[in-house]
Amino acid sequence: MDDVPVVPATAGRPLPAPGRAPAAPGPPGHAMPPVAEAAGRLLAQAGHALARHGLVTAFGHVSTRMDGTTWAITAPLPLGRLTPEAVQVLDLAAPDLGDGVPREAWIHRAIAHVRPDVGAVCRAQPPTATALAAAGVPVRPLHGQGAFLGPVVPVHDDPRLVREPDAAVRLAETLGAAPAVVMRGNGAVTVGGDVAEAVALMWVLEQSARLTATAAASGTPRPLDDDEQAAWRTVAPELLHRIWNYLNEEES
């Protein structure tokens, strides 16, 4: 994805560089600041990877922290066609969402407010994980990478769209300190220290759900014990970034 062309910021507000207030919209052809430009390229890369691996369809969004109160977030467009200039500003200090920002950005805001450890949020529709939530089957770590998701993936039991602040706060409460939450009838959210981790965890969530479904159909699943999970979590950052590289192989 390093060869993605830089395009003018003609849609929405141009992204600010970290530590600066969002810039006012410039005239046609006004380029994004270099750091913000990189965030746009990165989020477009993330969107393409999610679409290519069947984790999003018409819906889904990814965000990344720019500074303490400013995030970059993908516009409400199919992520498989996302371009860097379609990335928008999400200002946590603003009373409402800006123009061009998806209404489910309230999810990203709510999580960012209570999770200072989180540098990126990924919202997608992993099909098997969504099916298991509907069936009441928990996703537990049956293999090493599954341990990255914790002892059990929490399920948010409200299947309605999260498009307003109170609903987003309730979802963030269900997520708690976990790296992932499945929304019954409504996909999932994963979080990470950066975009690579958040997107890789969404892929791990779906792979863990597939393994759970297969194991449950074949016998009694045997999750990893606490010590086994802990051992795998020590290598999570390294392996999640390797998964991110794998997810982007077709764009190298």
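Computed about the Cα centre, the dipole magnitude for the range 111-230 is approximately 420 debye when only Lys and Arg (+1) and Asp and Glu (-1) carry charge, each at its Cβ. Under the convention that each Lys and Arg Cβ holds +1 and each Asp and Glu Cβ holds -1, the size of the dipole of the range 63-103 around its Cα centre is about 200 debye. Pop a pseudo-label 7 angstrom from the Cα along the beta-carbon direction at both residue 92 and residue 131 and give the gap in nm to one decimal. It is 3.7 nm. Solvent-accessible area per residue in the range 51-185 equals 39 Å², computed with a 1.4 angstrom probe and all protein chains kept.
Among the protein heavy atoms of the range 135-252, carbon and sulfur supply 52% of the accessible surface, probe 1.4 Å, non-protein parts ignored.
The amide H of residue 183, built 1.01 Å from its N in the peptide plane, has 156, 188, 189 as neighbours under 5 Å, considering only residues 5 or more places off or on other chains. Based on the alpha-carbon gyration tensor of the range 151-249 and its eigenvalue square roots a ≥ b ≥ c, which shape applies: rounded if a/c is under 1.5, prolate if not and a/b is larger than b/c, or oblate? Note, shape of the range 151-249 comes out oblate.
Distance from the alpha carbon centroid of the range 85-107 to that of the range 111-135 works out to 18 angstrom. Remark: the range 157-167, residue by residue, has Karplus-estimated 3J(HN,Hα) of 7, 8, x, 6, 4, 9, 10, 8, x, 5, 5 Hz, where x stands for each Gly or Pro and the curve is 6.51 cos²θ - 1.76 cosθ + 1.60 at θ = phi - 60°. Only DSSP H runs of four or more residues enter the estimate; each adds -39500 (n - 2.57), and after division by the residues of the chain the mean residue ellipticity at 222 nm equals -12000 deg cm²/dmol. Candidates 218, 113, 236 compared by Cα position along the dipole of the chain: farthest toward the positive end lies 218, with charges placed on Cβ. Close amide H contacts of residue 192 (hydrogens built in the peptide plane, cut-off under 5 Å, sequence separation of 5 or more or a different chain): 119, 120, 198. Once the Cβ-Cβ distance of residue 166 and residue 67 is raised to the sixth power relative to R0 = 25 Å, the FRET efficiency obtained is 0.45. Taking the Cα centre of the chain as reference, the dipole from Cβ charges on Lys and Arg (+1) and Asp and Glu (-1) amounts to some 440 debye.
Given the alternatives (1) 62, 41, 31; (2) 50, 40, 37; (3) 70, 32, 25, Cα extents along the principal axes in Å as computed for this entry is given by (1). Computed from Cα atoms, the angle from the helix 236-247 axis to the main principal axis of the chain rounds to 70 degrees.
The values are calculated or read from the model by the stated rules, or taken from the named source; none is laboratory data. Just so it is clear, the model here is predicted, and its values are computed rather than measured. Here Cβ is always computed from backbone atoms with ideal geometry, including for glycine, and neighbour counts include all displayed protein chains. Each accessible area value is taken on the protein alone, full model and side chains, heavy atoms only, with ligands, DNA and RNA left out. Shrake-Rupley method; radii C 1.70, N 1.55, O 1.52, S 1.80 Å.
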